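K.L.:
A single structure is presented below for examination.
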Amino acid sequence: MTPHEREQLIKDINVLLHQAYDSTLVEIHALLKRIDDVDDEEDLKAIKEAREDIRINGTVSWDEIQNEISKDVA
């Protein structure tokens, strides 16, 4: 999504929000909060998985990464 498309979408949503009943706004808020909570949980899960992978497999040094890049380029 381009920045312009995003801006237009936000404007369109804002128009609809201003037309919505209060009860609908409460429901929308609750839904957005749940989506945000799920996103936070997924982020935390990904972080835990990455840490576990590092614990099990160790880390890769910057020199090793550069050597791999050099091999791929050659």
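The values are calculated or read from the model by the stated rules, or taken from the named source; none is laboratory data. Please read these numbers as outputs of a predicted model, since none were measured by experiment. Neighbour counts run over all protein chains shown; Cβ positions are idealised from the backbone, glycine included. Surface accessibility is based on the protein's heavy atoms, side chains included, excluding ligands, DNA and RNA. Shrake-Rupley method; radii C 1.70, N 1.55, O 1.52, S 1.80 Å.
K.L.:
Pick the calculated Kirkwood radius over Cα pairs in Å for this structure from (1) 18.3; (2) 17.0; (3) 12.4?
P.N.:
Step by step, Kirkwood radius over Cα pairs in Å for this structure corresponds to label (2).
K.L.:
With every protein chain kept in the model, how would you rank GLU52, GLU27 by accessible area, 1.4 Å probe, largest at the top?
P.N.:
Descending order: GLU27, GLU52.
K.L.:
What size of dipole, in debye to the nearest 20, comes out for region 5-57 about its Cα centre when the only charges are +1 on Lys and Arg C-beta atoms and -1 on Asp and Glu C-beta atoms?
P.N.:
That gives a dipole near 80 debye.
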